[in-house]
Amino acid sequence: MSDVPGLRLQRIGVVGHVGYAGLKPALESLRRFADAHRVEVAAEPGLRELIPDAAELSTDDVDLLITLGGDGTLLRGARLFATRGTPVLGVNLGFLGFLTSVAPGELSQALTSVINGEYWLDRRTTLDAHVVRDGVSGPPYTALNDAVLHKGGFARVARLAVFMGEEEEPVATYSADGIILSTPTGSTAYSLSAGGPIVVPTVDCVLATPICPHTLAVRPLVVPASTTITVDILSPSGEMILTIDGQEGAALQPGDRLTVHRGRATIPLVRLEGQSFFSTLRRKLHWGAGREPSQ
């Protein structure tokens, strides 16, 4: 079932959310596994005091990254290691955990499976988002889920113009609360709540989902991943906010542009036996659930 050999784990990196009650038991399980297999553990600053003898986390020499928390923690950890191609194993300490793979009590067995090659890598594409101001493109923000352009301040709609491709072909000009530009991974996140389609992660595409458009003529679009999407802010006043994976971003002003294209990074998520996209949909989102019609 594996598309890769068993990992020789010499150093495991750990990021986590200290607000979860299950964090300490998960760390204790990891510590016991590491001691038994002579694996070094490196943790981010907020966790080092909870793990005896843990090294300082660095992106340079980690064989596997473990995230302890919910999907937000996995997204944060994945972005930290996005350029390194480090496999990411998510442990769900939260409520939904759509992207995570295992429960806290399954961590030790999951790591054993990784060592034995009893796993596969679910390679997820990313987006690179740039803010363009006065013709100058800023540094990229890397998103695993989505880049969301939304209004800030008072509740008023924004005027946006959307263009596709390097030639910037006009697609639509409309008033809305904003726009969600997402990967297939992000299709089950904010985009889904805004009426966007569910897209299988292996489909090479980008989604453009308007947020509460003030028209019936604009609907979500699915375009090839090779397409560059450009959004102009036409509103004469009012701040717009760019949010990356719901966690970081920047403020945009009238006249600024947002450009989004397929990211350079591909993030490998560790999956175990029996885990698939559709099984996760059924289990986490109750997709397709219902009673059979009576005979």
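Listed conditions (1) at pLDDT 90 or above; (2) surrounded by fewer than 17 Cβ atoms within 10 Å (Cβ to Cβ) are all met by residue 260, apart from (2).
Within segment 1-40, being without any contact (Cβ under 8 Å) to a residue 40 or more places away in the chain and in contact with an Asp or Glu (Cβ under 8 Å, 6 or more places away or on another chain) holds for one residue alone: 34. Considering only residues of segment 78-90 that are touching a Gly at 6+ places or on another chain (Cβ under 8 Å) and closer than 23 Å to residue 28 by Cβ, which is surrounded by the most Cβ atoms within 10 Å (Cβ to Cβ)? Only one residue fits best here, namely 88. Scanning segment 156-173 for residues that are buried (at least 17 other Cβ atoms within 10 Å of the Cβ) and either at pLDDT below 95 or aliphatic (A, V, I, L, M) (or both) turns up 157, 158, 160, 162, 164, 171, 172. The set of residues in segment 175-204 that are within 25 Å of residue 240 (Cβ to Cβ) and either among the charged types (D, E, K, R) or not assigned by TED's automatic domain parsing to the domain that holds residue 221 (or both) contains only 177. Could you please find all residues in segment 24-58 being surrounded by fewer than 15 Cβ atoms within 10 Å (Cβ to Cβ) and in contact with a Pro (Cβ under 9 Å, 6 or more places away or on another chain)? The answer is 25, 56. Flag not set for residue 170, criterion: free of Cβ contacts under 8 Å to residues at least 12 places away in the same chain and within 19 Å of residue 246 (Cα to Cα).
Scan segment 272-283 and tell me whether some residue there is modelled with pLDDT under 90 and closer than 30 Å to residue 136 by Cβ. Looking for residues that are modelled with pLDDT under 90 and closer than 30 Å to residue 136 by Cβ, one finds none in segment 272-283, hence no.
This table checks each residue for (1) surrounded by fewer than 19 Cβ atoms within 10 Å (Cβ to Cβ); (2) within 15 Å of the chain's Cα centre (by Cα); (3) over 16 Å from residue 148 (Cα atoms).
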residue: 183; (1), (2), (3): no, yes, no
residue: 200; (1), (2), (3): yes, yes, yes
residue: 204; (1), (2), (3): yes, no, yes
residue: 238; (1), (2), (3): yes, no, yes
residue: 251; (1), (2), (3): yes, no, no
residue: 269; (1), (2), (3): no, yes, yes
residue: 283; (1), (2), (3): yes, no, yes
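Looking at segment 113-154, the strands (runs of 3 or more DSSP E) lying wholly inside it that each contain 2 or more residues that are in contact with a helix residue (DSSP H, G or I) (Cβ under 7 Å, 6 or more places away or on another chain), crowded, with 20+ Cβ neighbours inside 10 Å and not basic (Lys, Arg) sit at 146-151.
Across segment 212-236, the number of residues qualifying as within 17 Å of residue 145 (Cβ to Cβ) and touching a Lys or Arg at 6+ places or on another chain (Cβ under 9 Å) comes to 1.
The values are calculated or read from the model by the stated rules, or taken from the named source; none is laboratory data. Keep in mind the model is a prediction, meaning the values are calculated, not measured. We place every Cβ from the backbone using ideal geometry, glycine too, and count neighbours over all the protein chains shown.
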